[in-house]
Structures are given as C-alpha cells and as structure tokens.
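First the structure, in the form of structure tokens, and then the observations on it.
The values are calculated or read from the model by the stated rules, or taken from the named source; none is laboratory data. These numbers come from a predicted model, not from an experiment. When we count neighbours, we look across all protein chains shown, and the Cβ atoms used for this are built from the backbone with ideal geometry, even at glycine. Quick note on the areas: whole protein, heavy atoms, side chains included, nothing else; ligands and nucleic acids left out. Shrake-Rupley method; radii C 1.70, N 1.55, O 1.52, S 1.80 Å.
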Amino acid sequence: MVGVGFRREFAEELINGEHIRPDFIEFAPENWMNIGGYWKKVLHRVVEKYPVLCHGLSLSIGSPEALNKEFLQYIKAFLNEYKVQLYSEHLSYSKCDNAHLYDLLPIPFRMDAVKHIATRIQQVQDYLQRPLVMEIVSYYTPVAAEMSEVDFIKEVVKQSGCQLLLDVNNIYVNAFNHQYDAKAFITQLPLDKVAYIHMAGHEQVAPDLIIDTHGEPIIDPVYDLFEWTLQHLQPVPVLLERDFNIPEMAELQGELSRLKSICHKQWKLKNELVA
Amino acid sequence: MNLLPDTYHIQQTFSAFCRTGEKVKLPGVAPDRLKHYRRLVFNMINDTMENAFPIAYNNIPARKWKSMVKDFFSHHACQSYQVWKLPLEFYTYAVEHNWEEVYELPYLHDLLAFEWAEMEVYNMEDIPAEPYALAGDWLETPLVLNPEHRLLSFSYPVHLVAKPKALLANKGIYFVLLYRHPETGNVEFMDLSPWLAFLTEQLVLGITVKDILDYAPQLHITDTDTLEQDTLNFLKQMQQQHFVLGFQL
C-alpha cells in the first residue's frame, strides 16, 4: 500500500481520483479535530473513499511535563470516529514549560529520557488501546547526548514496546547532517518493529546541512536508500509526504507510482523467496 | 517522572531558545545548527499569524508586526494543540497587553477580532439548528436563526475599509454579523444598524419580533411608522441569505 498525505490544496483531486489515486491517505488529527463546515464535509467525502492512517503532531511524547489527558480523549474519539487503522507520532517534543512550539525538537539521547518516554508511550498505548508507531525524526544538532541515536531509539522501542515509523528521508537527512552511514544505522534498528514508512523531499540549505522540508520531490539517493531498506523489511504501508510547493497531480502520482513499483519489486521478490 | 533535573533543564533551555532566540549554552549543541530551530519555529508562528490576520499584516509596518509576533511568542505560553486556534491567543494577548496604545494603532483590537471571527466561524464545529418550519407568522412566532454566527461591535469600521487613514477617520459605533452559509460553508458578513443588531441579539434569545418592536421606544427609536415593515423586510432578506432559517415549531 502506498498512500499520500492528505492536504487541503489537493483534496478535490483526491476525491475525484482521476489524476491521483493513492491506496490510502494520512492526515494529522490536530488539523481536523473540532472543525465543521465545508472542510468537515470534505473530510467525510475523502474518508469514504480511502482507508485512513493518522500521523499526530501535538502529543509531544518527549515533553518533560505530564501528558495532556483532554488531548488524548479527543485523539481517541477522533481515531475511533474515522476508523483510523494506524496512529503514529514523533519521537521528539513540541511542548515545554506548558507552551506548545509547533515543531519537532530533539530529545537528549540519555537513558533517563528513554525511561521517561517509554513510560509515556505505554500510558498512551494503554489509554488509546492501540499500538503507538513512533517516527525517528530528523534533527539538526544533538543535544547533551550521553548515548548514540541508534541506541536511544533501540532502548525506547525495547522499554516501551512501541512500533517504529521509518522515515527513510529522515535517515538520509540525519546521516548527511551528522556524517554517518545511513545503511549501517538502519541495519542496527529493530527492523521487525517497523510498521510504517514515510518518504519525502528535503532542501539542502548549506554545504553540510539539509532541512527536512517536505516541499521538494524525493531525490534519487533517497529512492535508492528506500529500495535497499525494503530488502530488510516485511511489507508495511508506505507514505509520500508533500506539504509545501504542491506540484501538478501528475507529478505526485509519478512519485506514488515509482514508490509502488519499488515496493512491488522488492517485496514480491522477498515473498517468492520465503515461499 | 523518570527525567533527571539536568535533562529537564536542558529541554527547557532548548525550547526557551526557540521561543526567544536569546543566546543559550547547551552541551553538545552546534550553535550554527541551533539557530535553524529558532528560524523554523518562529517562521511557523509568523506565517500562522500572517495567514490568520492578512489585513492587519498588510496594515501594520513590518517592524511593528515582527515585534508583536516576537513579543507574543516569547512571553505567551501557547496553549492550543491545534495551530489554527493559535490566532485567538494572539488576539487575546494583544488586548491583555493593550497593544492599541503600545503600538499606537487604535483600531488594532477591532481588526484582530474581526479577522479571528471570520476564521473561527469558518472552522467552528457544526451546530445543529432547532427544528423549524419554513413558513409562519413573522411577528408572533419566535424565529430560528442560523446558530453558526457571531455578532460583534466595533469602534472602527474594520469590516468595511482596510486603509488605516480611513479607519481612523471613521471612528464610531459599528455592528457586524458574521455567519456561515449552511450550503457553501463560506462566511458571510454584513454591517448592521444599532437597531438591527439589537433585533438580532433579541431574536437569538427567542423573543418574538412583535415583543422586540414594542421595546423600540425605550431605545429612543421614535420613527416607528416604517420600522415594522423595514424590520420584516430585513428578516425576509436574511431568510433568503440563510441567516434566518425559519419559524419555531
């Protein structure tokens, strides 16, 4: 299954399905909760047409403070109302000192942070009665790290029992920004826990820095890393994220088709080998 | 909580830098990379406010606008987990900190209130209307109004003109009705006279047109010869425009 991030800019094209036809859609509950009017009607139309996966923005699993129970109540009701098949969030924090920052801040790679986050993930999973799929985020500087990024992620998964969202572009961006080998990094991850893949474009803003923008097409090296990664995974849903500089639908469909073709090639081959 | 005080403090310091842009010392952090977090976070907040308040953004000198957004984001702890609701906090912060005087923009609060109301009414959750009949007695039967509306009063005609000079030259008392069209979802707004604003306010409470008209002399409305007919014409027009939905059952 290869899906696309649902954006208002091409909602009608998705509902129409003539120029773009993903297998599923994904959106952030925070962008659609508690709204009515025109966009609620559009949401109902698109949800009738496609299976839905949700990717949250405001859970802030890495926050020092307590979880927001009211927010979780809304999330639970929303996921149930729209029959959401998978709910993912970010391994980062976006709220501190009781203030939302609306961006993904890097958590210090430390064992106390692991324990803190693992406890919170378990609380969320228990409350929502569904597994939480945590995305490995792109980051531009480590912060007071006492362990490696990959050890941090492995410990969070081990202690919390969560699943992983592998954003292949994020791994490419992080490997470039922090000068490590993306394939070696991926190999060390608990790949049996990967439940979902994201793919996106990025922007290089300096000779040694890439920013994860979701505003450009996926570049060939990221496709190559994606294809390599699939050889190490069981089939899972794959999402194309495009949040800015939305191109013509033919271009987006072209990216979806290319992703689908790679999935088909790699996972069909793998299934044949298993058989 | 499993988090050690040191880790907690580091997260606070990092987020405080993102909010204020003021220099911080953080172990293991590359300063040339850190600045991108401040840039990305601040741009997101600034873009949200520009999109929510396009008229205000165009009216206010760039330096003042940037100062407002910086002040707001540095000192206000944003509470909404839905970013589209954040402009309400910006507007509230402006009023609480008397920005009209601080920035010498007497119409600022009215303008922010108007632009926020447009966004709020457009996005607000659906509110079911009471059951109603399409025909009835305009004078004696309580009317059912479109519940997805806001009735606002302003000192400056921010709903009629955009240019600052024209706003300042026309200080007065203005009433504006905003409502969401049930079919298109678009927000319609109209300037109301004080009488029609009073009428609308009373109709919302379920009072009949006849009872409201009886109250007119107490509002010092003495020219009552055409008041009833004008009022009914207005309401019939509003029925065509989907603000008056019908008559209570």
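Side notes on the structure shown:
- Here chain B exposes an accessible surface that is 53 percent carbon and sulfur, computed with a 1.4 Å probe and the other protein chains kept in place.
- Counted by Cβ distance under 13 Å from B:Phe189, the other residues give a net charge of -4, where Lys and Arg count +1 and Asp and Glu count -1.
- All aspartates and glutamates inside 19 Å of A:Lys268 as judged from Cα atoms, apart from same-chain residues fewer than 8 positions distant: A:Asp23, A:Asp192, A:Asp224, A:Glu227
- Here B:Lys165 and A:Gln85 are evaluated by their C-beta separation; at R0 = 51 Å the FRET efficiency comes out at 0.35.
- Here the spin labels are modelled as points 7 Å beyond Cα on the Cα-Cβ line, and at B:Asp211 and B:His9 they lie 6.5 nm apart.
- With the gyration tensor restricted to C-alpha atoms of the protein assembly as shown, the semi-axes of the equivalent ellipsoid amount to 49, 28, 20 Å, longest first.
- Pairs from the table (A:Lys69/A:Lys115; A:Lys83/A:Lys158; A:Lys40/B:Lys85; B:Lys23/B:Lys66; B:Lys210/B:Lys236) lying more than 22 angstrom apart at Cα are A:Lys83/A:Lys158.
- Exposed loop sites were defined as GluC sites (Glu not before Pro) in DSSP loop states (anything but H, G, I, E or B) carrying at most 16 other C-beta atoms within 10 Å; in chain B the longest segment without such a site runs B:23-103.
- Net charge, B:Leu178 excluded, C-beta distance under 10 Å - Lys, Arg +1, Asp, Glu -1: -2
- DSSP-loop chymotrypsin sites (Phe, Trp or Tyr not before Pro) across region B:209-249, with at most 12 other Cβ within 10 angstrom: none
- Amide hydrogen neighbours beyond the local backbone of A:Ile35, cut-off 5 Å, H modeled: none
- For B:Val144, the residues whose amide H sits under 5 Å from its own are B:Leu245, B:Gly246, B:Phe247, B:Gln248, ignoring neighbours fewer than 5 places away on the same chain, with H placed 1.01 Å from N.
- Calculated FRET efficiency, A:Asn31 to B:Asp225, Cβ-Cβ distance, R0 = 56 Å: about 0.55 to the nearest 0.05.
- Over all pairs of different C-alpha atoms in region B:128-248, the reciprocal of the mean inverse distance, the Kirkwood hydrodynamic radius, equals 15.4 Å.
- Where labels lie 7 Å past Cα in the beta-carbon direction, separation of B:Val102 and B:His75 in nm: 0.4
- FRET efficiency, B:Ala135 to A:Lys49 (Cβ-Cβ, R0 45 Å, nearest 0.05): 0.70
- Per-residue mean of C-beta atoms belonging to partner chains within 10 Å, peptide B:117-124: 2
- Counting Cβ atoms of other protein chains within 10 Å of each Cβ in A:204-212 and taking the mean gives 2.
- Taking 7 Å steps out from each Cα toward its Cβ at A:Glu203 and A:Asn245 produces label points 0.7 nm apart.
- In units of the rule-of-thumb radius 2.2 N^0.38 Å, chain A shows an alpha carbon radius of gyration of 0.98.
- Dividing the helix sum by the residues of the protein assembly as shown, where each DSSP H run of 4 or more adds -39500 (n - 2.57), gives a mean residue ellipticity at 222 nm of -14500 deg cm²/dmol.
- Cα convex hull, region A:62-109: 88 Å³ per residue, rounded to a whole number.
- For the pair region A:36-88 and region B:116-164, the centres of their Cα atoms are 29 angstrom apart.
- Cα centroid separation, region A:96-141 to region B:196-215 (Å): 53
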